[in-house]
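K.L.:
The structure that follows is given in the form of structure tokens.
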Number of protein chains: 4
Amino acid sequence: MMNAQSSVTRDPLPTRPRVGLVGFGYWGPNLARNFQAIPDCEFVAIADADPMRLAKAGELYRHVQLYPTAEALMAADLDAVVIATPARTHYALALAALEAGKHVLVEKPLAMSSAEAQALIAAAAARQRVLMVGHVFEYNPAVRYIKDLLTAGVLGELYYLYSRRVNLGRVQNDINALWSIAPHDISVCLYLLEQMPVAVSAQGARYLNGTLEDVVFLTLHFPNGVLAHIHVSWLDPSKVRHMTLVGSRKMVSYDDLADEGKVKIYDKGVIRTTDPQYGEYQYRLHSGDITIPKLPLTEPLRVECEDFITAIREGRPPLADGHDGLRVVAVLEAAQRALECGETVSMSPAE
Amino acid sequence: MMNAQSSVTRDPLPTRPRVGLVGFGYWGPNLARNFQAIPDCEFVAIADADPMRLAKAGELYRHVQLYPTAEALMAADLDAVVIATPARTHYALALAALEAGKHVLVEKPLAMSSAEAQALIAAAAARQRVLMVGHVFEYNPAVRYIKDLLTAGVLGELYYLYSRRVNLGRVQNDINALWSIAPHDISVCLYLLEQMPVAVSAQGARYLNGTLEDVVFLTLHFPNGVLAHIHVSWLDPSKVRHMTLVGSRKMVSYDDLADEGKVKIYDKGVIRTTDPQYGEYQYRLHSGDITIPKLPLTEPLRVECEDFITAIREGRPPLADGHDGLRVVAVLEAAQRALECGETVSMSPAE
Amino acid sequence: MMNAQSSVTRDPLPTRPRVGLVGFGYWGPNLARNFQAIPDCEFVAIADADPMRLAKAGELYRHVQLYPTAEALMAADLDAVVIATPARTHYALALAALEAGKHVLVEKPLAMSSAEAQALIAAAAARQRVLMVGHVFEYNPAVRYIKDLLTAGVLGELYYLYSRRVNLGRVQNDINALWSIAPHDISVCLYLLEQMPVAVSAQGARYLNGTLEDVVFLTLHFPNGVLAHIHVSWLDPSKVRHMTLVGSRKMVSYDDLADEGKVKIYDKGVIRTTDPQYGEYQYRLHSGDITIPKLPLTEPLRVECEDFITAIREGRPPLADGHDGLRVVAVLEAAQRALECGETVSMSPAE
Amino acid sequence: MMNAQSSVTRDPLPTRPRVGLVGFGYWGPNLARNFQAIPDCEFVAIADADPMRLAKAGELYRHVQLYPTAEALMAADLDAVVIATPARTHYALALAALEAGKHVLVEKPLAMSSAEAQALIAAAAARQRVLMVGHVFEYNPAVRYIKDLLTAGVLGELYYLYSRRVNLGRVQNDINALWSIAPHDISVCLYLLEQMPVAVSAQGARYLNGTLEDVVFLTLHFPNGVLAHIHVSWLDPSKVRHMTLVGSRKMVSYDDLADEGKVKIYDKGVIRTTDPQYGEYQYRLHSGDITIPKLPLTEPLRVECEDFITAIREGRPPLADGHDGLRVVAVLEAAQRALECGETVSMSPAE
């Protein structure tokens, strides 16, 4: 299912792509800092409708061309456009950029519906351009380490995992906490499990604003009974970014905010035996050492930005390609329906 | 709704009730230790079908009469019987004890169905006996402190709460993690909110044993949009007993395993304002001091056992009376249905 | 130097020693509980001058003979006496017990001076009796695990270690925090390093009581530049029992109060190289995995009490024998002198 | 004693001082970033002897003039020079800058001896220039909050404090851990206590390099028995920056690396009473709430740099002036002597 994006770009590939950024709000400055530091590209343009933000961008990046609108930026001599604007604008801006012949990196979520996401994939394919989505945790060394553990079978059979990503703040006015925060957790789950859920359940509630959920509890039902439970909120006393994976042989805790080792591997499990005397099930715990592996200190966003540039230069799809973006949007759509109807919503096997 | 159990016991009230315990397995020894230490009762009898356990009980409590069966114990000269046996035996044993004219404290859950719980309430009422359930967290100083905060309006409007109670071990053979662990969280929620949920959602999965859920995610939907989310599991790398309450003015974290202060009160919140210029919603965070109140060091189980004895002596219902037990069982029943059908299950307003 | 106590006891060895306890205050009840639970001895007598404590002891141990004085207990038919009284009474009571032909386990510190400790060793040797001191951390699985690491060379060359043992409370009226608390840390250091310090420095201060230090900072200077720094206090906001060991290849943290693994092994270090170009020293850090080993859950005090009983039954010295007690007292004596004079005090090579 | 630096600068005061930085190694980039961001000054020059570092500086600050030597920079048209070079060069560079008529901010320690520090004070006074030292923790909101608590008497009588500042790394080749790390702790102690110690003790050891201590335990003896104990090391498995203050009425913990509240105020203490019956001392603990105050999020280094600029513009001494630098150097000198002789070293009352 995780099929590669079909071949891209048959023009002569740009050796040092010229990159422009649309949106210099919360996340845009981080993207700017990274593209500025990557030698294999030229970071040359920033657009933001807010004059104060644009001025701030100009102070930090004096050699960069500033544009008051995305349209103006897209008309410039650029190979690639990075879109870090509110979620509801992603589709239109990405489509415009693709239609202008640019390679595109869009912040998550890729779009607000599967139909939009599919249209972007089609537009990118038609013009042989890279389409990428900012699923930054797929580039996180801790997540990649855990994927290696799963692939190597270290955890045995994976039973379930759960994730909490909560904080006070970053309250959105246009999308709920599901669409704002959960794309991270969903993309990690799909990346780790390499399959789509067969069904999705969700509960949530709206406190600050009558129309948008501030807190959502989401359950993804994967084949073979594997569960992934996700709790997202922007209304919580503490900042938490924590995931636990429970396998038949080992278990893993991943705390993205830990000072001393984000990943802990627990040699813990339960073995079911049958009591020879009574024929009854018996459960025997084992509990051994805990290991905290040393992880590389690379900044995940840097690796993500580099993957975008390399994909452009080599004419290959990036890890977090349009199909990856579509899959996450499809899960978000199903979750939104589940949130509204209170029932578990099935997902069709076709993406 | 939290109506008091109707008047109990018109016989001459025992001034120093004679107490017997059925079940000396995992929890029974804690009950024995506490009843032994309460001056206002006499702890005089222990029954267990396992001869090893019974011998162990005899070593620790040399003056106590030992019985190989619950029936034998119930025939003895006792005022009260405490039942700490597997959950599926609670109903029959409690009913037998009530019919033998004993006051009864049953471990949670009170019974395996609302019908059973109602039958126990009726039996207790008919014979004017105390019927109590071991909802020990209602006697926990931290929970009571939080209830006082809620009652005094310190948190403002309560938005939602969530609870995690997970560990590795205590895997049950006869009931799933919902019925085994969640009675604690549900009883705390009902105690704090003083109302019943209007609907219940639940997801879970069975890994160790094809018929019993090892992990359950439960959402209680209360009137006015208040949510309570509960995560229970006996298949987790870490022991966690943590609850968070989010109010409009303050937020509370309750970590039952914390060394230095189980309760933290966060002066944190989000205020929604309307931007005068644009008419748009705006959210302003406030984040002030954190307070960790000093709590009494009383053992919750001691307070619970004392409430049982005092209820007997004074002819009044205890806090965790049969109705309380029924309410928790009713929520468990609805949750079990939700778990099986994947839909949010409504609860009728009548208990 | 760590020479074994010379052979003990040529009488027929008691197969199930009869044990009496003097002192049922803070620590005595823990000793009672353990000796009561050891099948290879008979716990038969308790003495305490305080009638309330004695009554409490009688309630818990109904079969045990109670004595209002240590003298009365020592006249009873006992093989062994355990002394858990204020430190300043240890010497006289232990001597009396040895002179009455009893095997003796004394709480730490063994005595208030080297001369006293030597007199006890001599008395035990003359009568071929076991003399043991309650250095309970030498029986702690975490400490023993660390000793195994050191012995196996896992840490490389041990550079230094430091220990903090502070809390609020257990303020003594008769001895300072050095004599009250530091025996634990000193006994651990001598046990781990298997040698005596060559010099001792100490600073402290008296706040609650003009004559007794509430807080002491102690430095033991071992051969080859190995340092052990110890911080003890009964006037601190937090309870801490933490030790760090720094070796040339690995480092260890030991937190006796940690919930999830008391010992952490850090694959960390600094390698000094010489820059080939400039001839200058250069330091290269390495920082690898952290391992948290699973330790046995045995109660250290149980292992200590069993060592006492086995030593009596087998006619061999226990691990924490009189010489071990003397070594700790000798370090305390030197530290007390250092505390008073403000200078580093040398210790003679003879114990 | 904490006498203000006598009046400075009678020239027309620069309204927007032109600032140059010498040293772009470990700490220099942080100073550059802050001076660059302060509107009341012009950050115009950077010198570093290492061409790679200088090139890096040029990339980040394109409008800034680059100099290969401190001498060249000092000859430029500057009002102020900031010195972030190895400690042993501080004196000569600061003196040269003052003699060139510049205002000077030197990283800690101000100099390597009291004599040098006094010479710098004299040179600054002679030319009416600001002389400041980078005691950044005096500008830390947590330290200032604690000072306010002390001033307001919230802690009652201050008994003692202790500080640990350890990590793996930043091993120096030219100065030991005392001179490299302890200036922070010493400056905080002097700032909080507003007096000089009367004596200093110190122990340490050299493991990586035969001539420089990697770990130092330092005790400052203040009037009235107040102790300050400081543990510094660059050879430790964990990064710790923690200070505890124990008062007669309350206690404070300050963890500079805590995520959720750096300062904790414990309503804890011990009250000594005399037992009316026996005339004996008795100690009664009290243990109340813990409070974690909300602190401003200002970057301490920003406040420090602003104090330097404002001091220049207003012709007044900064908080961390030359006298402050001298006091810390005087304590370091005494500590170095104590380290070498193993005895407690008295400090003369004159600074």
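K.L.:
Being among the β-branched types (Val, Ile, Thr), out of contact with any helix residue (DSSP H, G or I) (no Cβ under 8 Å at 6 or more places or on another chain), in contact (Cβ under 8 Å) with a residue 24 or more places away in the chain and not in a loop (DSSP other than H, G, I, E, B) is the requirement here; does B:Ile181 meet it? Explain how you work it out, then say what you get.
P.N.:
On the way: among the β-branched types (Val, Ile, Thr): yes; out of contact with any helix residue (DSSP H, G or I) (no Cβ under 8 Å at 6 or more places or on another chain): yes; in contact (Cβ under 8 Å) with a residue 24 or more places away in the chain: yes; not in a loop (DSSP other than H, G, I, E, B): yes.
Yes: the conditions hold for B:Ile181.
K.L.:
Right, something else. From (1) more than 24 Å from C:Glu157 (Cβ to Cβ); (2) touching a strand residue (DSSP E or B) at 6+ places or on another chain (Cβ under 8 Å), pick out the condition that doesn't hold for C:Leu212.
P.N.:
(2)
K.L.:
Starting from region C:292-307, keep only residues that are within 14 Å of another protein chain (Cβ to nearest Cβ), then list their pairs with residues that are assigned to a helix (DSSP H, G or I) and modelled with pLDDT of 95 or more whose Cβ atoms are within a distance under 7 Å, requiring at least 6 positions of separation or different chains.
P.N.:
Every condition considered, the pairs that remain are C:Pro293/C:Tyr145; C:Leu295/C:Pro141; C:Leu295/C:Ala142; C:Leu295/C:Tyr145; C:Pro296/C:Pro141.
K.L.:
Return the residues of region C:85-129 that are in contact (Cβ under 8 Å) with a residue 60 or more places away in the chain and polar (S, T, N, Q); say none if nothing qualifies.
P.N.:
C:Thr85, C:Ser113, C:Ser114, C:Gln118, C:Gln128 - these are the residues of region C:85-129 that are in contact (Cβ under 8 Å) with a residue 60 or more places away in the chain and polar (S, T, N, Q).
K.L.:
List the residue pairs whose Cβ atoms are under 7 Å apart, where the first residue sits in region D:322-339 and is more than 21 Å from D:Leu105 (Cβ to Cβ) and modelled with pLDDT of 95 or more, the second is in a helix (DSSP H, G or I) and among the hydroxyl-bearing types (Ser, Thr, Tyr), and the two are 6 or more positions apart or on different chains.
P.N.:
Matching pairs, first to second residue: D:Glu333/D:Ser114.
K.L.:
Inspect region B:132-141 for any residue being over 18 Å from the mean Cα position of the chain (by Cα), under 22 Å from B:Arg88 (Cα atoms) and assigned to a strand (DSSP E or B) and give the result as yes or no. Quick ask: steps written out before the conclusion?
P.N.:
Our first condition is that a residue be over 18 Å from the mean Cα position of the chain (by Cα); within region B:132-141, this holds for none.
No: zero hits.
K.L.:
Being surrounded by 15 or more Cβ atoms within 10 Å (Cβ to Cβ) and within 11 Å of chain C (Cβ to nearest Cβ) is the filter here; which residues of region D:261-280 pass it?
P.N.:
D:Lys264, D:Ile265, D:Tyr266, D:Asp267, D:Lys268, D:Gly269, D:Val270
K.L.:
Hey, can you tell me all the residues within region B:209-218 that are crowded, with 20+ Cβ neighbours inside 10 Å, at the interface with chain A (Cβ under 9 Å from one of its Cβ atoms) and more than 15 Å from B:Asp185 (Cβ to Cβ)?
P.N.:
Matches in region B:209-218: B:Asp214 only.
Residues checked against (1) part of a strand (DSSP E or B); (2) among the hydrophobic types (A, V, I, L, M, F, W, C):
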position	(1), (2)
C:Leu150	no, yes
C:Arg170	no, no
C:Val188	no, yes
C:Met196	no, yes
C:Val240	yes, yes
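K.L.:
Which residue out of B:Lys268, B:Lys264 is in contact with a Pro (Cβ under 6 Å, 6 or more places away or on another chain) and in a strand (DSSP E or B)? First the steps, then the outcome.
P.N.:
On the way: B:Lys264 fails: in contact with a Pro (Cβ under 6 Å, 6 or more places away or on another chain).
Going through B:Lys268, B:Lys264 in turn, the sole match is B:Lys268.
K.L.:
Inspect all residues belonging to region A:261-270 and state whether any of them is of a type in the set (Val, Ile, Thr) and assigned by TED's automatic domain parsing to the domain that holds A:Arg129.
P.N.:
no
K.L.:
A further question follows. Name the residue, out of D:His221, D:His242, D:His231, that is more than 10 Å from chain C (Cβ to nearest Cβ) and not aromatic (Phe, Trp, Tyr).
P.N.:
Step by step, each of D:His221, D:His242, D:His231 is checked, and only D:His242 is more than 10 Å from chain C (Cβ to nearest Cβ) and not aromatic (Phe, Trp, Tyr).
K.L.:
If you go through region A:155-167 one residue at a time, do you hit one that is of a type in the set (Ser, Thr, Tyr), facing another protein chain (nearest Cβ under 9 Å) and over 30 Å from A:Lys294 (Cα atoms)?
P.N.:
We begin by selecting, within region A:155-167, every residue of a type in the set (Ser, Thr, Tyr); these are A:159-160, A:162-163.
Adding the requirement that they be facing another protein chain (nearest Cβ under 9 Å) leaves A:159-160, A:162.
Remaining after also requiring over 30 Å from A:Lys294 (Cα atoms): none.
No; the residues of region A:155-167 include none that is of a type in the set (Ser, Thr, Tyr), facing another protein chain (nearest Cβ under 9 Å) and over 30 Å from A:Lys294 (Cα atoms).
K.L.:
What are the residue pairs meeting all of these: first residue in region B:275-290, first residue under 15 Å from A:Leu235 (Cα atoms) and at pLDDT below 90, second residue small (Gly, Ala, Ser) and in a strand (DSSP E or B), Cβ atoms under 6 Å, and 6 or more apart or on different chains?
P.N.:
Matching pairs, first to second residue: none at all.
K.L.:
Just the residues that are away from chain B (no Cβ under 14 Å), under 16 Å from A:Pro300 (Cα atoms) and in contact (Cβ under 8 Å) with a residue 24 or more places away in the chain, please, taken from region A:247-260.
P.N.:
A:Asp256
K.L.:
Let me ask another. On the basis of being of a type in the set (A, V, I, L, M, F, W, C) and not in a helix (DSSP H, G or I), does D:Val303 make the cut?
P.N.:
The answer is no for D:Val303.
K.L.:
Kindly indicate whether B:Pro317 is surrounded by 18 or more Cβ atoms within 10 Å (Cβ to Cβ) and not in a helix (DSSP H, G or I). It would help to see each step written out before you state the result.
P.N.:
On the way: surrounded by 18 or more Cβ atoms within 10 Å (Cβ to Cβ): yes; not in a helix (DSSP H, G or I): yes.
Against the criterion (surrounded by 18 or more Cβ atoms within 10 Å (Cβ to Cβ) and not in a helix (DSSP H, G or I)), B:Pro317 qualifies.
K.L.:
Confirm whether D:Val166 is closer than 23 Å to D:Val106 by Cβ and among the β-branched types (Val, Ile, Thr).
P.N.:
On the way: closer than 23 Å to D:Val106 by Cβ: no; among the β-branched types (Val, Ile, Thr): yes.
For D:Val166, the condition - closer than 23 Å to D:Val106 by Cβ and among the β-branched types (Val, Ile, Thr) - is not met.
K.L.:
Could you list all residues from region A:294-338 that are aliphatic (A, V, I, L, M) and either touching a strand residue (DSSP E or B) at 6+ places or on another chain (Cβ under 6 Å) or more than 24 Å from A:Ala199 (Cβ to Cβ) (or both)?
P.N.:
A:Leu295, A:Leu297, A:Leu301, A:Val303, A:Ile309, A:Ala311, A:Ile312, A:Leu319, A:Ala320, A:Ala334, A:Ala335, A:Ala338
K.L.:
Turning to a different aspect of this structure: Being in contact with a Lys or Arg (Cβ under 9 Å, 6 or more places away or on another chain) and at pLDDT 95 or above is the filter; apply it to region C:195-211 and report the residue that is farthest from D:Met251 (Cα to Cα). Spell out how you get there, then give the answer.
P.N.:
Of region C:195-211, the ones in contact with a Lys or Arg (Cβ under 9 Å, 6 or more places away or on another chain) are C:196, C:200, C:202, C:208-209.
Next, from what is left, pick out any that are at pLDDT 95 or above: C:196, C:200, C:202.
Numbers: C:Met196: 36, C:Val200: 30, C:Ala202: 24 Å.
Among those residues, the one meeting the criterion is C:Met196.
The values are calculated or read from the model by the stated rules, or taken from the named source; none is laboratory data. In this text, all values refer to a predicted model and were calculated from it rather than measured experimentally. Virtual Cβ from ideal backbone geometry, glycine too; neighbours counted across all protein chains shown.
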